[in-house]
Amino acid sequence: MERSDSYLYMLDSTAKMQHNISVMLEAKAVEAEKSRKWINQHIHPSYFEEDHESQVKLSLEFHEQVVDLLSGMTKLEMGLARNLRIILGHEGNEQPAFGGGFFDMGGNGQ
């Protein structure tokens, strides 16, 4: 297999991974909407004890799960972007010709 064929195979695999990621995110959005509806119907002020602290704590737990999901997806996307930079010949600290600074969000490309 020639080098260009290997690169095309890698790009095709990356495109398939991106599609699968979009399907997962779409499913997660549907799940989040169902959770939102359930929370709005079942969790109300009478659920909590007398203090505001328990309400804030529960809200932070929900938000922490969302942040963890987004953090994981960001790391995955940064890895894919790094692979694309290598394939396209933008190794090292060079800024890619496309996308501005989006692909260098992590600073060191990892």
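A few notes on this one:
- Among (1) modelled with pLDDT of 85 or more; (2) touching a Gly at 6+ places or on another chain (Cβ under 8 Å) - the single one residue 67 does not satisfy: (2)
- Any chance residue 76 is out of contact with any Gly (no Cβ under 9 Å at 6 or more places or on another chain), assigned to a helix (DSSP H, G or I), touching a residue at least 40 places away in the same chain (Cβ under 8 Å) and on the phi < 0 side of the Ramachandran plot: yes
- Residue satisfying all of: in the range 1-14; of a type in the set (Gly, Ala, Ser) and surrounded by 10 or more Cβ atoms within 10 Å (Cβ to Cβ); nearest to residue 58 (Cα to Cα) among these: 13
- Test: residue in the range 16-38 that is within 16 Å of residue 84 (Cβ to Cβ) and among the aliphatic types (A, V, I, L, M): yes
- Members of the range 80-110 that are surrounded by 14 or more Cβ atoms within 10 Å (Cβ to Cβ) and either among the small types (Gly, Ala, Ser) or at pLDDT below 75 (or both): 81, 90, 96, 103, 104, 109
- Residues of the range 39-56 that are part of a helix (DSSP H, G or I) and either over 24 Å from the mean Cα position of the chain (by Cα) or loosely packed, with under 10 Cβ neighbours inside 10 Å (or both): 40, 41, 42, 45, 46, 47, 52, 53, 54, 55, 56.
- Every listed requirement among (1) surrounded by 10 or more Cβ atoms within 10 Å (Cβ to Cβ); (2) modelled with pLDDT under 80 is met by residue 22 save one, (2).
The values are calculated or read from the model by the stated rules, or taken from the named source; none is laboratory data. Because the structure is a prediction, the values reported are computed rather than measured. Cβ atoms come from the backbone with ideal geometry, glycine included; neighbour counts cover every protein chain shown.
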